[in-house]
Amino acid sequence: MVKPGLVLDLVERVSGLARGGTVSVPLGSGDREESERTVAAWCLRTGNELVEIRGGEAVLRRGRTPDIAADLAPDLTPGTRLWVYTNFDCNLACDYCCARSSPRAERRAIGRDRLQQLVSEAVSCSVRELILTGGEPFLLPDIEELVALSTAALPTTLLTNGMLFHGRRRDALSRMDRDRLALQISLDSATADEHDRHRGAGSWKRAVAGIEVARDEGFRVRVAATLPPDRTHEVDSFHGFLDSLGIAREDQVIRAMAHRGVADHGVELTLESLIPEVTITADGVYWHPVSADHEDQLVTRQIFPLHSAISEVHRRFNEIRARSAAAAQWFACA
Ligand code: SF4
């Protein structure tokens, strides 16, 4: 039996709120499941929102949070692309690495079994593309199998520094599915100095060689550059250099440096400023790949079921944007 007067409580407390405001309503000592069902049904009938059940209370919002995520361009909707950190160790130790990767970083591999489950749940969640990143994925002995699992289910992009394409790793690369796999290789400048200054001596030359290997093998190659704020004037000449390597303009990604990981400066990125990109690591689900080693953007430690993780990101995004919109209305100064 539900607490007597529960519905009256709901009416009184919610009707006293401004639209978008929230209030807690005690559920009392009655049958908990029935009380929760009663509150959920009342919210549905009256156009209000049950935000959560916390302890012995229901948290309600007057009105419903608008589904802002649903209005985004389809390829920006959270969960359309799924990022997976395959591992965190790397052969390089770049001085602005957002994932704090290096040869000394713990591997924290996602592993075959988890990736298999992720891939199959991703298909049922209408994910359209998988993006595998690290760390350096080619350090993993089973990278060929991981990529095969992924490309068998969905178009896949694999992020790499492109420096390890020789010996058995080149053989593994040559067996990957060219039709379903694109490679995204990091290269930060048109000449060696700037790239090597952040990524280590000799790394530019090996990355350019890696781009050439990947293109010779017949892969679509994207090149992604990280540009510190004092080098934005180089954008045009860098595009010219990438043109000369045969990289299509739509495959030239130039992004600002983020103040995340080991970077000591860069653009500040918060939950409020980022459109989320659901990101899975061995440690849990994160808001965005740039913050996959940061507790402030950890969404949940529960990776499975994947649909719950995606829904949670979606829900929080709507809530954050609705809160910002409500705050903006209150702070009109004239
Ligand atoms: S930025 Fe990329 S290549 Fe550099 S340490 Fe991090 S993961 Fe490795």
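Read-outs throughout are calculated quantities, based only on the coordinates presented, and are distinct from any laboratory measurement. Predicted, not measured: the structure shown is a model, and the values here were computed from it. All Cβ positions, even for glycine, are placed from backbone atoms using ideal geometry, and neighbour counts span all protein chains on display.
Along the chain, the longest continuous region that contains none of the GluC sites (Glu not before Pro) in a DSSP loop with at most 13 other C-beta atoms within 10 Å is 107-267. Report, in whole Å, the centroid distance computed from the Cα atoms of the range 107-151 and the range 249-284. Measuring centre to centre over Cα atoms gives 20 Å. Report, in whole Å, the centroid distance computed from the Cα atoms of the range 219-247 and the range 288-311. Cα centres, the range 219-247 to the range 288-311: 30 Å. Calculated FRET efficiency, residue 232 to residue 262, Cβ-Cβ distance, R0 = 22 Å: about 0.55 to the nearest 0.05. Label sites at residue 216 and residue 302, each approximated as a point 7 angstrom past Cα along Cα to Cβ, lie 5.0 nm apart. Please give the helix 235-244 orientation as an angle from the longest Cα principal axis of the chain, in degrees from 0 to 90, rounded to the nearest 10. Once rounded, the angle reads 50 degrees. Based on C-alpha pairs under 8 angstrom that are at least 6 apart in sequence, the chain has a relative contact order of 16 percent. Put simply, the convex hull of the Cα atoms in the chain casts, on average, a shadow of 20.8 nm².
Note on residue 154/residue 24: beta-carbon distance plugged into 1/(1 + (r/R0)^6) with R0 of 51 Å gives a FRET efficiency of 0.75.
Placing a pseudo-label 7 Å from each Cα along the Cα-to-Cβ vector at residue 177 and residue 250 gives an inter-label distance of 2.1 nm. At a Förster distance of 35 Å, what's the computed FRET efficiency of residue 168 paired with residue 192, Cβ-Cβ distance as r, to 0.05? So the FRET efficiency works out to roughly 0.80. Our summary gives the range 185-334 a relative contact order of 14 percent, counting only alpha carbon pairs under 8 angstrom and 6 or more residues apart.
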